[in-house]
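The values are calculated or read from the model by the stated rules, or taken from the named source; none is laboratory data. These numbers were taken from a predicted model, which means no experiment stands behind them. Neighbour counts are summed over all protein chains in view; Cβ atoms, including those assigned to glycine, are modelled from backbone coordinates with ideal geometry. Keep in mind that these areas ignore ligands, DNA and RNA; they rest on the heavy atoms of the full protein, side chains included. Shrake-Rupley method; radii C 1.70, N 1.55, O 1.52, S 1.80 Å.
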Amino acid sequence: MKQYNVLSVCGSGTVTSSMVAEKLREALEEKGYRITTTEARPTEALQLAQGGSFDFITYTSPLPDGDYGVPIVNAIGFLTGFGDEEFLEEIDGVLAELDKQ
């Protein structure tokens, strides 16, 4: 089972990012991936991402401009349920690229 580290970002750094992280964890386990998530606020995201320990970022609040160095995926549709398929397709694309590395 492949393991990835995900930074899950929302406005407060707790509630929404935790919901997205848990839902994503369940969806990816069915596909043979294991993820570890860290929840954060947008103000913390750039510094955490530049620390180099994350494979990709999901977010529900706007992120500050900057070079995050990893794929960034908008998770609003995943959170609301009006865009689950599109979100998971984008995540599949990110994982396919990561699997090549």
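For the range 43-101, a tally of residues being hydrophobic (A, V, I, L, M, F, W, C), touching a residue at least 12 places away in the same chain (Cβ under 8 Å) and in a loop (DSSP other than H, G, I, E, B) returns 4.
Screening the range 53-82 for residues that are open to solvent by less than 60 Å² (accessible area, probe 1.4 Å) and among the small types (G, A, S) and picking the one that is modelled with the lowest pLDDT gives G81.
If you go through the range 37-63 and pick out every residue that is touching a helix residue (DSSP H, G or I) at 6+ places or on another chain (Cβ under 9 Å) and of a type in the set (S, T, N, Q), you end up with 5. For the range 1-39, taking the residues that are part of a strand (DSSP E or B) and among the basic types (K, R), the one that is least open to solvent (accessible area, probe 1.4 Å) is identified as K2. Scanning the range 40-48 finds one or more residues that are acidic (D, E), surrounded by fewer than 17 Cβ atoms within 10 Å (Cβ to Cβ), over 20 Å from G93 (Cα atoms) and out of contact with any Gly (no Cβ under 6 Å at 6 or more places or on another chain). The requirement of being in contact (Cβ under 8 Å) with a residue 60 or more places away in the chain and either in contact with a strand residue (DSSP E or B) (Cβ under 7 Å, 6 or more places away or on another chain) or not charged (D, E, K, R) (or both) is not satisfied by M1. Please work out which residue is nearest to Y68 (Cα to Cα), limiting yourself to the range 4-21 and to residues that are in contact (Cβ under 8 Å) with a residue 60 or more places away in the chain and among the polar types (S, T, N, Q). Looking at the filtered set, the residue picked out is S8.
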